[in-house]
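Working notes for the structure below.
The values are calculated or read from the model by the stated rules, or taken from the named source; none is laboratory data. These numbers were taken from a predicted model, which means no experiment stands behind them. Glycine also receives a Cβ, built like all others from the backbone with ideal geometry; neighbour counts cover every protein chain displayed.
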Amino acid sequence: MSESGKDPLFSGKNMKLLSTPLNDENPITVQVLGICSALAVTAMLEPAVVLAIAVVAVMGAANVIISLLRNTIPNRIRIIVQLVVIASLVILVDQILQAFLYDVSRQLSVFVGLIITNCIIMGRLEAFALSNKPWPSFLDGIGNAAGYGWILIVVGFFRELLGSGTLWGYPVMETLGVYNFGYEDNGFMILPPMALITVGVIIWVQRSRNRKLIESK
Amino acid sequence: MKDSNTYIFIYASVMVVVVAAVLSAVSTLLKPYQDLNIEMARKLDILRSIEKAEGVAEADNRNAYIDEEYDKYIVDSYVINHLGEIQEEIDAFGVMVREENRKPVEERNLPVFVGRDEAGEYFIIPVYGRGLWGPVFGYVALEDDYNTIFGVIFDHESETPGLGAEISTAAFENQFKGKKLFDEDNEFVSIQVIKPGTVPLDEHRVDGVSGGTITGRGVDEMLRDTLGAYVEYFRKQKNQES
């Protein structure tokens, strides 16, 4: 810990905190955490992107706050403290969405609130922020949230494109004119099970490219 | 020291006070913006129930556009009681159906919004009920026979996306068009939301959403309960016309 304090801000070690969750330690595809919300909000690209941004904001801030407080938090109530920090940040995000992005907040409905129960966040607070300085904790939070977020966005991209034929509400398929050739949107893609299958495909692609993720028998 | 009970108590108390202060400050600051959003959403829903304000997505100034359309098409609004008598001095837009539905029918203030366009007059009734996770609500627009549904708009606070939340999609809402509230004998039968495939559809029934049975039941009860309070008024108006 004392060593990391002397590291330059963007040392290789710090950047690794940011980059490993994107691939080798991805919360969704490798640790299989936070699946619930990944299935639910990805029928359209826009809510997926907004939720990804919201999670990045909450997780970055929560990690920094817990890290700043880490030497004062009594061990016996640390989980409660973590919960209070996460819950307050989520309420802030929710209030801001309601004030400035009303439609999106209605679309996300309960899922903003459910960020609180997103196990990735508590997991990182408990595993990292409680024992590291604010800056590395911040990077770790942003990294993990981004690792979660990019999967959400990829899933949202394919589900909206193939399920509704649109992207961010823009009728892509209609513009391309593929309906004239007998193409039809696949209504299946909008249903939650297809999100699971899409995540499965992403895991498959990732492991075929990144051999060290494959468990030995 | 860090694990002594006194420390833990003080720590927890300070934390709670700080968090409460921050959250209430933010909530107070953002309240005006949120209220404006809610008001605009209500006006938009009223307009959408009679198929107006369809260009809202392209409008440059969304709020101005909604206000303009609202002033153009919503020509009147009033509040009645369960006997169909007009209650003066109550602003229909200010009546919260959420509050009214908790009262017994006799004490409810029942708002009616009157829309008018080239094709005729519409009577728009706000409805409110309970879904699976939270409130469901919306507007029902009746044609000037006080019986045929011209259009409905439903919304919800926290139904599951893809399941119960489907009640606010056009596919579900469009089913209500042309359905009738009264049967041939002039009895109020409301509109039933049924489990798809269990009973044949007729002019008083629509299909529910697969996977959203409880939300559908909520819509069913919402219509029966809220519109039921207006029955005397509808009857009165119908008699006047014929």
Quiz item: Does any residue of region B:56-72 turn out to be acidic (Asp, Glu), exposed (fewer than 15 other Cβ atoms within 10 Å of the Cβ) and either touching a residue at least 40 places away in the same chain (Cβ under 8 Å) or facing chain A (nearest Cβ under 10 Å) (or both)?
Solution: no
Quiz item: Just to be sure, is residue B:35 facing another protein chain (nearest Cβ under 10 Å), surrounded by fewer than 17 Cβ atoms within 10 Å (Cβ to Cβ) and either under 26 Å from residue B:138 (Cβ atoms) or small (Gly, Ala, Ser) (or both)?
Solution: yes
Quiz item: When only residues in region B:179-195 that are in a loop (DSSP other than H, G, I, E, B) and touching a residue at least 12 places away in the same chain (Cβ under 8 Å) count, which is farthest from residue B:231 (Cα to Cα)?
Solution: B:195
Practice problem: Identify, from the list B:188, B:172, the residue that is surrounded by fewer than 17 Cβ atoms within 10 Å (Cβ to Cβ) and in contact with a helix residue (DSSP H, G or I) (Cβ under 6 Å, 6 or more places away or on another chain). | Solution: B:188
Quiz item: Can you find a residue in region A:97-108 that is assigned to a helix (DSSP H, G or I), within 7 Å of chain B (Cβ to nearest Cβ) and under 19 Å from the mean Cα position of the chain (by Cα)?
Solution: no
Quiz item: Taking region B:26-60 as the search range and keeping residues that are outside any helix (DSSP H, G or I) and under 21 Å from the mean Cα position of the chain (by Cα), which one is modelled with the lowest pLDDT?
Solution: B:53
Quiz item: Among the residues of region A:129-152, is there at least one that is out of contact with any Lys or Arg (no Cβ under 8 Å at 6 or more places or on another chain), surrounded by fewer than 20 Cβ atoms within 10 Å (Cβ to Cβ) and not in a helix (DSSP H, G or I)?
Solution: yes
Quiz item: Does residue A:64 count as of a type in the set (A, V, I, L, M), part of a helix (DSSP H, G or I) and free of Cβ contacts under 8 Å to residues at least 40 places away in the same chain?
Solution: no
Exercise. Identify the single condition in (1) within 14 Å of chain A (Cβ to nearest Cβ); (2) in a strand (DSSP E or B); (3) farther than 20 Å from residue B:221 by Cβ; (4) of a type in the set (A, V, I, L, M, F, W, C) that residue B:171 does not satisfy, given that it satisfies every other one.
Key: (2)
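Rundown of residues vs (1) touching a His at 6+ places or on another chain (Cβ under 6 Å); (2) surrounded by 16 or more Cβ atoms within 10 Å (Cβ to Cβ); (3) touching a residue at least 12 places away in the same chain (Cβ under 8 Å), yes/no style:
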position: A:45; (1), (2), (3): no, yes, yes
position: A:51; (1), (2), (3): no, yes, yes
position: A:56; (1), (2), (3): no, yes, yes
position: A:80; (1), (2), (3): no, no, no
position: A:88; (1), (2), (3): no, yes, no
position: A:95; (1), (2), (3): no, yes, no
Quiz item: Checking residue B:76 against (1) touching a strand residue (DSSP E or B) at 6+ places or on another chain (Cβ under 8 Å); (2) within 14 Å of another protein chain (Cβ to nearest Cβ), which test does it fail?
Solution: (2)
Quiz item: residue A:33 is checked against (1) within 11 Å of another protein chain (Cβ to nearest Cβ); (2) in a loop (DSSP other than H, G, I, E, B) and fails just one. What number does that condition carry?
Solution: (1)
